[in-house]
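Heads up: the structure comes next, in structure tokens.
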Amino acid sequence: PSSSSLTQNSIVPELPGFYYDSEKNRYFRLLPGHNNYNPLTKESIQYKAMECKRLKLLEEEEKQKKKTTRAGLNPSMLLQKRQLGLLNSTSYCRLVHELKVNCMQRRKIEIHSPDSSVAGTNNFKIIVADVACERIFTVNDVEHGGCKYGIINLSGLGKESLTVEMYDNLYFTNRKVLSLLGRNLSSLTHFSKLCLMGIAETPGCASLLPASLFSSTNPGDRPGMLCSFKISTAWSCAWCLNPQADNCFSTGLTRRVLVTNVVTGHRQTFGTSSDVLAQQFATQTPMLYNGCRSGEIFSIDVRQRNRKGQSWKAVRLFHDSAVTSIRLLEAEHYLMAADMAGKIKLWDLRAAKCVKQYKGHHNEYAVLPLHVNEEEGLLTAVGQDCYTRIWSLQDAHLLRTIPSPHPSSKDAIPSVVFSSRLGGNRGVPGLLMAVKQDLYHFSYN
């Protein structure tokens with residue numbers, strides 16, 4: 001039925017001020033106010049179509065629990081074909097990932113908190129895991145505006161009943177959180193976060209938060225932020241793990257890049273021709289990669305002093321739309337980038353050319369992150385349409401499209417974390433999805 005309706009819609013001519021309903025086989029007016037009881041707009045039509053698609057996918061997921069993903073795709077048959085030499089290693093790995101990804105089932109996680117008023121009262125905005133995936137840092141919207149921070153302990157995920165502990169703090173901001181990152185900092189605290197906030201009404205702010213903000217039992221003993229300073233509108237941030245630029249982090253601002261040393265306070269500024277929406281440091285070299293609103297991706301060697309002009313740019317790549325997320329692969333010869341045209345490209349940094357494209361991602365204006373898990377060979381991204389998509393890293397094959405449990409809207413785009421060991425080294429593999437006030441787990445076995 002879906003294919004026939006698409007074919008029919010493509011044949012039916014478009015009329016200005018009207019839209020064609022394939023189910024009722026007739027045209028309807030789009031003029032505002034024509035039908036005051038049930039006015040039709042392009043937005044309402046698109047929302048209705050998206051909601052029908054989401055409900056259909058959820059229904060298909062329920063049916064999928066009772067059968068295998070597709071004919072011929074089961075562990076024993078894959079292993080038999082591999083042993084007989086009918087599948088090469090690349091095809092075998094991709095099919096195993098497809099099997100495991102499509103067998104993931106959604107389960108809601110129960111959130112506990114020492115303060116009963118905290119759990120489940122505010123919408124999740126962003127979740128980010130620490131390096132060991134033992135905890136996730138959360139940013140939640142608050143009712144009177146702004147955001148607050150929290151930490152969720154994932155140790156309860158290994159139990160039969162999925163439960164997690166959420167720890168809130170007394171700090172919140174009236175600014176909009178645009179970007180954040182997590183890092184284990186042995187020289188400062190066990191666990192810290194760098195949050196970038198910016199909004200039109202107030203100056204932007206960069207802040208480094210210690211984990212003790214969330215674990216101290218006595219509010220009077222809570223320390224202040226390790227590092228906080230006002231800046232122009234901030235779009236992105238990155239922490240340097242290379243010893244040659246230790247204790248440094250970068251912030252992507254409006255038409256400039258600011259590199260700051262947390263210990264000494266020394267700052268280095270690089271002027272750019274566009275807003276820097278995405279950043280990541282390399283680990284093997286002190287190189288900072290930047291993705292811009294103009295579509296340009298360039299790298300900076302932070303050991304060099306400030307230079308005038310653009311002579312300090314090393315690698316330069318170009319997208320046709322604003323770059324919203326960049327991720328270096330482990331060997332650092334390849335870089336994954338997504339833009340506001342919904343394109344995800346894998347770039348070979350040595351040849352400065354695109355070698356793969358991952359199709360199906362949806363984005364028009366939002367700054368949405370990419371999640372690369374090389375251990376499992378998976379790429380995960382949440383689209384502006386609120387669908388979570390998972391691709392095979394090796395052959396760019398779309399393995400699964402996961403609908404959101406909630407109706408699609410701008411304020412209900414899920415935030416996800418994927419790891420082979422959620423909760424630490426002895427944790428469970430899977431996908432965490434935070435949407436609205438709920439947290440879900442998709443087991444990856």
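The values are calculated or read from the model by the stated rules, or taken from the named source; none is laboratory data. All values derive from a computational prediction rather than experimental measurement. Note that each Cβ is placed from the backbone with ideal geometry, even for glycine, and that neighbours are counted across all protein chains shown. For accessibility, only protein heavy atoms count, side chains too; no ligands or nucleic acids. Shrake-Rupley method; radii C 1.70, N 1.55, O 1.52, S 1.80 Å.
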Take residue 390 and decide whether it is within 16 Å of residue 125 (Cα to Cα), outside the structural domain of residue 58 (by the TED database) and buried (at least 18 other Cβ atoms within 10 Å of the Cβ).
no
The correct count of residues that are part of a strand (DSSP E or B) and open to solvent by 10 Å² or more (accessible area, probe 1.4 Å) in the range 368-381 is 3
The condition of being modelled with pLDDT of 90 or more, part of a loop (DSSP other than H, G, I, E, B) and assigned by the TED database to the domain that holds residue 365 holds, among 321, 299, 273, only for 321
Conditions (1) open to solvent by 10 Å² or more (accessible area, probe 1.4 Å); (2) more than 30 Å from residue 44 (Cα to Cα); (3) in contact with a Phe, Trp or Tyr (Cβ under 7 Å, 6 or more places away or on another chain) -> residue 405 fails only (2)
Quick count over the range 431-445, residues being outside any strand (DSSP E or B), on the phi < 0 side of the Ramachandran plot and either surrounded by fewer than 17 Cβ atoms within 10 Å (Cβ to Cβ) or not aromatic (Phe, Trp, Tyr) (or both), is 2
Checked 30, 78 against criteria (over 22 Å from residue 398 (Cα atoms) and either at pLDDT 80 or above or surrounded by 14 or more Cβ atoms within 10 Å (Cβ to Cβ) (or both)); the one match is 30
Residues of the range 381-400 being more than 15 Å from the chain's Cα centre (by Cα) and of a type outside the set (Lys, Arg), in sequence order, are 392, 393, 394, 395, 396, 397, 398, 399
In the set 417, 367, the lone residue that is more than 25 Å from residue 105 (Cβ to Cβ), touching a residue at least 60 places away in the same chain (Cβ under 8 Å) and among the aliphatic types (A, V, I, L, M) is 367
Taking the range 276-296 and the residues there that are under 21 Å from residue 247 (Cα atoms) and not in a strand (DSSP E or B), the one that is most open to solvent (accessible area, probe 1.4 Å) would be 284
